[in-house]
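**Student:** Structure in structure tokens, see below.
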Amino acid sequence: MTSVATPEPVAFFGNPIDLVQEIVAANDWAHDRASEEELVVEISGRWCDYRLYFVWQEELCAMHFSCSFDMKVPKSRRAAAYELLALVNEKLWLGHFDLSTDDDSPTFRHAALLRGIGAGSAEQVEDLVDIALSECERFYPAFQLILKGKRPLEAIAAALIDPVGEA
């Protein structure tokens, strides 16, 4: 296996959860700092409430991020939901959706490697949250349609229709 090496190891300096918490507080979002490595945030969206979860993994110099829907997928609709997940994930440039085994809710996930760049930047955190929320808002209707019995191809087609004009 090939490994990438740098001439000198670059020290990581800072916990990105501290930066995330500053941004969250500046936006007056409800949050809870579960530990030095974890932050949970609640945000209201257009379709539902979202739970954002940030976890810092110092050994990997990586920050894991997830954004869960306020929605449960019953066992009877999981096969359709998994098929929809495959269709949705084909459309994403960053992150992916999965079905959380903890609470059966659709969840957007992404991990950011931060070795050598400090604690990250406010812009990186803002972009991560903006992208996650926009993708959740974009695909929420498709997951809702799955719960109502639609087939995955119908659900994603309906969710991706771009409105034209004004009402």
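The values are calculated or read from the model by the stated rules, or taken from the named source; none is laboratory data. If you're wondering where the values come from, they're calculated on a predicted model, not measured in any experiment. Because the Cβ atoms are built from the backbone with ideal geometry, glycine has one as well, and the counts that use them run over all protein chains shown.
**Student:** Quick one: in region 1-46, of everything that is more than 14 Å from A122 (Cα to Cα) and small (G, A, S), which residue is modelled with the lowest pLDDT?
**Tutor:** Result: A5.
**Student:** List, please: which pairs have Cβ atoms under 9 Å, are six or more places apart or on different chains, and start with a residue in region 132-152 that is farther than 16 Å from D49 by Cβ and end with one that is among the basic types (K, R) and assigned to a helix (DSSP H, G or I)?
**Tutor:** I146/R77; L147/R77; G149/R77
**Student:** Continuing with this model, one more query. Mind checking which residues of region 35-46 are out of contact with any strand residue (DSSP E or B) (no Cβ under 6 Å at 6 or more places or on another chain) and surrounded by 12 or more Cβ atoms within 10 Å (Cβ to Cβ)?
**Tutor:** Of everything in region 35-46, just one residue is out of contact with any strand residue (DSSP E or B) (no Cβ under 6 Å at 6 or more places or on another chain) and surrounded by 12 or more Cβ atoms within 10 Å (Cβ to Cβ), namely G45.
**Student:** OK, next. So which residues in region 95-144 are within 18 Å of V20 (Cβ to Cβ), of a type in the set (S, T, Y) and buried (at least 16 other Cβ atoms within 10 Å of the Cβ), if there are any at all?
**Tutor:** Hit for region 95-144 is T107, nothing else.
**Student:** Just need a number here: residues in region 71-104 that are modelled with pLDDT of 90 or more and polar (S, T, N, Q).
**Tutor:** 2
**Student:** Separate question: What pairs come up if the first residue lies in region 43-64 and is on the phi > 0 side of the Ramachandran plot, the second is modelled with pLDDT under 90 and in a loop (DSSP other than H, G, I, E, B), and their beta carbons are under 7 Å apart, counting only those six or more places apart or on different chains?
**Tutor:** C61/F12; C61/L114; C61/R115
**Student:** Ok, one more. Any idea which residue in region 151-167 is modelled with the lowest pLDDT, counting only those that are buried (at least 18 other Cβ atoms within 10 Å of the Cβ) and not β-branched (V, I, T)?
**Tutor:** By that ranking, first place goes to A159.
**Student:** Now for a different question. Please go through region 47-70 and pick out each residue that is assigned to a loop (DSSP other than H, G, I, E, B) and either modelled with pLDDT of 90 or more or surrounded by 14 or more Cβ atoms within 10 Å (Cβ to Cβ) (or both).
**Tutor:** Passing the criteria: W47, C48, C61, F69, D70.
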